[in-house]
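> Okay, here's the structure, questions in a sec.
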Amino acid sequence: MSKAEKKERAELTIREMGLQDAINTRIGGWGCKGISGGQKRRVSICIEILTNPTLLFLDEPTSGLDSAASYYVMKRIKSQLDHNDGIQRTVIASIHQPSAEVFQFFDNLCLLSAGTTVYFGPASSAIQFFASNGFPCPALQNPSDHLLKTINKDFDDQEIEVDLTAATSGGASPAEEAIRILVKSYKSSEMNQQVQKEVAALSKKGTSSVEKKRMHASFLSQCVVLTKRSFVNMSRDLGYYWLRLAIYTLLAISLATVFYHLGTSYASIKDRGSLLAFISTFITFMSIGGFPSFVEDMKVFERERLNGHYGVTAFVMGNTLSATPFVLLLSFIPGAITYFLPALRSGYDHFLYFICVLFSCLMLVESLMMIVASLVPNYLMGIITGAGIQGIFILVAGFFKLPSNIPKPFWKYPLHYVAFHTYAFQGLFKNEYEGLKFDGGLTRKKYITGDEILRDTWQTDMSYSKWVDLAIMLGMILIYRVLFLVIIKTTEKVKPVIVGFFNFFAPKQTVHVVENPNATLLHVELA
């Protein structure tokens, strides 16, 4: 489709859902109120019907809407079936307390009670079916209310009007008896037999009748659109990068004033190392603050991925490209403040190397937290997991405990070489100390060279240059992003198998979920 056609389709869908007054309003989030809950519900429906799908599943599309909005929303959804393009469309919806007008939009109705089919057939025939079994709908009552009240057995003291032929027996509650009568009647009905015939006929056709997969946008188009959307989302979310930039800048000013103008005295040897280690550990450590935003991105991705809108590779590429300019900003502004005021190594080539290492550290932490978000989609547990991994990496990187003193089993081999902080320390130390001379101090030497400090004080591996350290970090960014992609693809294939395996062996039991009215929406109690 051309861009003009896409825009026309989007505007038409917006008008159909009655959202024309909110067309230039942001959806909203924790930093912006945005549109109302009912409008958000309608936007969700817009997203689903935008592509005119042949099969559409809607879970309680009228929740949060008033009666008028519910009527018009369902009317628009119903109109999606009536396109004159020769395509048969099906909408399957679970409905929440439909009005009589909304109930009339349904062609077929399925009523379930504890997983058992009570009725499945034309919605217009449901009232007649219930009446023929002794459960007539009272005059002036909403048909859907009557149907649900009749088969609801959560409240044993409910009163159900039955005739003499539907008298209860065996001490069962009225609702249980009503359900037993309706289930028995439906199983022996002609409607059920017709359904079984249609299911058998469809099963014989196999997969030959399945519609061919529709064409998608090219990979390049997917990457461009996802990059643009992710960039807009990041720029609008105050907690994604802007709050971190403010905190990083404040922290950089604090570091610059504490370590102001270090000079080349003997004491500055330790101060320079402490400053560089703090920058490459604590500032990057604070990147876990963006984890909640990562989780929200993953939720949107999972929903859109299940709908088949785009591929995993395009999503990873879009996220990486959109994050790059923000991470550069986070690296350059605080990095410049921290670098020049303490008077670290002069020369713009050294400064640019310093920024490149800081950028690599931040990108690595971003990549690490994306991996954690794909495995642990919980705010608290994800932040704890990411912080724990980074804490271990920092511990064995070679600053708090020199490389020769790190226990060799596991901690040094392989963890010391797996931690990206190891190469950040080595690269920054080489960039700072090589070529410098410091006062001898207590060593009784006139001066100490930077190479001596790297070799003896920090035990830095001098067998390769600082550029190799930077190249290793850039390579680790690529590895982390590829690992993120592989985890998503693997999860898509393995998760249904694991869930099906545990569901197969899990004991069959009924769990009633009771919401605590005094708690937030995130808390439920199990009864």
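> Does any residue of the range 85-100 turn out to be among the basic types (Lys, Arg) and open to solvent by 50 Å² or more (accessible area, probe 1.4 Å)?
The answer is no, given that none of the residues of the range 85-100 is among the basic types (Lys, Arg) and open to solvent by 50 Å² or more (accessible area, probe 1.4 Å).
> With the checklist (1) free of Cβ contacts under 8 Å to residues at least 12 places away in the same chain; (2) open to solvent by 80 Å² or more (accessible area, probe 1.4 Å) in hand, flag the one item Ser36 doesn't pass.
Just one mismatch for Ser36, condition (2).
> Mind checking which residues of the range 341-358 are touching a residue at least 40 places away in the same chain (Cβ under 8 Å), in a helix (DSSP H, G or I) and open to solvent by 40 Å² or more (accessible area, probe 1.4 Å)?
Within the range 341-358, just Cys356 meets the criteria.
> Please enumerate the residues belonging to the range 246-286 that are open to solvent by 50 Å² or more (accessible area, probe 1.4 Å), aromatic (Phe, Trp, Tyr) and either free of Cβ contacts under 8 Å to residues at least 12 places away in the same chain or touching a helix residue (DSSP H, G or I) at 6+ places or on another chain (Cβ under 9 Å) (or both).
Those that are open to solvent by 50 Å² or more (accessible area, probe 1.4 Å), aromatic (Phe, Trp, Tyr) and either free of Cβ contacts under 8 Å to residues at least 12 places away in the same chain or touching a helix residue (DSSP H, G or I) at 6+ places or on another chain (Cβ under 9 Å) (or both): Tyr266, Phe278, Phe282, Phe285.
> Mind checking which residues of the range 179-197 are more than 13 Å from Asn133 (Cα to Cα) and touching a strand residue (DSSP E or B) at 6+ places or on another chain (Cβ under 8 Å)?
Met191, Asn192, Val195
> Among (1) touching a Ser or Thr at 6+ places or on another chain (Cβ under 7 Å); (2) at pLDDT below 80; (3) not hydroxyl-bearing (Ser, Thr, Tyr), where does Leu522 come up short?
That leaves (1) as the condition not met.
> Let me ask you something else. Here are the criteria: (1) modelled with pLDDT of 85 or more; (2) open to solvent by 90 Å² or more (accessible area, probe 1.4 Å); (3) under 29 Å from Ser99 (Cβ atoms). Tell me which single one Leu243 does not satisfy.
Status for Leu243: all satisfied but (3).
> All but one of (1) farther than 16 Å from Ile279 by Cβ; (2) among the small types (Gly, Ala, Ser); (3) in contact with a helix residue (DSSP H, G or I) (Cβ under 9 Å, 6 or more places away or on another chain) hold for Ala424; which doesn't?
(1)
> Go through (1) surrounded by fewer than 16 Cβ atoms within 10 Å (Cβ to Cβ); (2) among the aliphatic types (A, V, I, L, M); (3) over 29 Å from Gln88 (Cα atoms); (4) modelled with pLDDT under 70 one by one and return the number of the condition Leu220 breaks.
Status for Leu220: all satisfied but (4).
> Please go through the range 311-326 and pick out each residue that is buried (at least 20 other Cβ atoms within 10 Å of the Cβ) and aliphatic (A, V, I, L, M).
Ala314, Val316, Met317, Ala323
> Can you name the residue in the range 1-24 that is outside any helix (DSSP H, G or I) and open to solvent by less than 50 Å² (accessible area, probe 1.4 Å) and, of all such residues, is farthest from Ser70 (Cα to Cα)?
Filtering first and then ranking leaves Leu19.
> Still on this structure, please answer the following. Somewhere in the range 382-397, is a residue open to solvent by 20 Å² or more (accessible area, probe 1.4 Å), free of Cβ contacts under 8 Å to residues at least 12 places away in the same chain, farther than 17 Å from Ser280 by Cα and under 21 Å from the mean Cα position of the chain (by Cα)?
yes
> Identify the residue in the range 47-73 that is among the aromatic types (Phe, Trp, Tyr) and over 24 Å from the mean Cα position of the chain (by Cα) and, among all such residues, is most open to solvent (accessible area, probe 1.4 Å).
The selected residue is Tyr72.
> Determine which single condition Ile27 fails, assuming it passes every other condition in (1) open to solvent by less than 70 Å² (accessible area, probe 1.4 Å); (2) within 30 Å of Gly239 (Cα to Cα).
(1)
> Between Ser44, Ser79, which is without any contact (Cβ under 8 Å) to a residue 40 or more places away in the chain, surrounded by fewer than 17 Cβ atoms within 10 Å (Cβ to Cβ) and either among the aliphatic types (A, V, I, L, M) or in a helix (DSSP H, G or I) (or both)?
Ser44
> Which of the numbered conditions does Gly289 fail, given that it passes all the others? Conditions: (1) among the small types (Gly, Ala, Ser); (2) open to solvent by less than 30 Å² (accessible area, probe 1.4 Å); (3) in contact with a helix residue (DSSP H, G or I) (Cβ under 8 Å, 6 or more places away or on another chain).
Unmet condition: (2).
> Let me confirm something: among Val486, Val468, Val482, Val494, which residue is β-branched (Val, Ile, Thr), in a helix (DSSP H, G or I) and exposed (fewer than 12 other Cβ atoms within 10 Å of the Cβ)?
Step by step, each of Val486, Val468, Val482, Val494 is checked, and only Val494 is β-branched (Val, Ile, Thr), in a helix (DSSP H, G or I) and exposed (fewer than 12 other Cβ atoms within 10 Å of the Cβ).
> Can you tell me which of (1) polar (S, T, N, Q); (2) open to solvent by less than 20 Å² (accessible area, probe 1.4 Å); (3) not in a loop (DSSP other than H, G, I, E, B) is the one Thr460 doesn't meet?
So the condition that Thr460 fails would be (3).
> Just the residues that are aliphatic (A, V, I, L, M), free of Cβ contacts under 8 Å to residues at least 60 places away in the same chain and surrounded by fewer than 19 Cβ atoms within 10 Å (Cβ to Cβ), please, taken from the range 102-118.
Once the filter is applied, which keeps residues that are aliphatic (A, V, I, L, M), free of Cβ contacts under 8 Å to residues at least 60 places away in the same chain and surrounded by fewer than 19 Cβ atoms within 10 Å (Cβ to Cβ), the range 102-118 yields only Leu112.
> With the checklist (1) within 25 Å of Ser99 (Cα to Cα); (2) of a type in the set (A, V, I, L, M, F, W, C); (3) at pLDDT 90 or above in hand, flag the one item Ala10 doesn't pass.
Going through (1) within 25 Å of Ser99 (Cα to Cα); (2) of a type in the set (A, V, I, L, M, F, W, C); (3) at pLDDT 90 or above one by one, Ala10 breaks only (1).
> Considering each of Gly308, Gly335 in turn, give the residue that is small (Gly, Ala, Ser) and either open to solvent by less than 10 Å² (accessible area, probe 1.4 Å) or free of Cβ contacts under 8 Å to residues at least 60 places away in the same chain (or both).
Sole residue among the options that is small (Gly, Ala, Ser) and either open to solvent by less than 10 Å² (accessible area, probe 1.4 Å) or free of Cβ contacts under 8 Å to residues at least 60 places away in the same chain (or both): Gly335.
The values are calculated or read from the model by the stated rules, or taken from the named source; none is laboratory data. None of these values were measured; they are calculated from a predicted model. We place every Cβ from the backbone using ideal geometry, glycine too, and count neighbours over all the protein chains shown. Side chains are part of the model used for accessible areas, which takes the heavy atoms of the whole protein and leaves out ligands, DNA and RNA. Shrake-Rupley method; radii C 1.70, N 1.55, O 1.52, S 1.80 Å.
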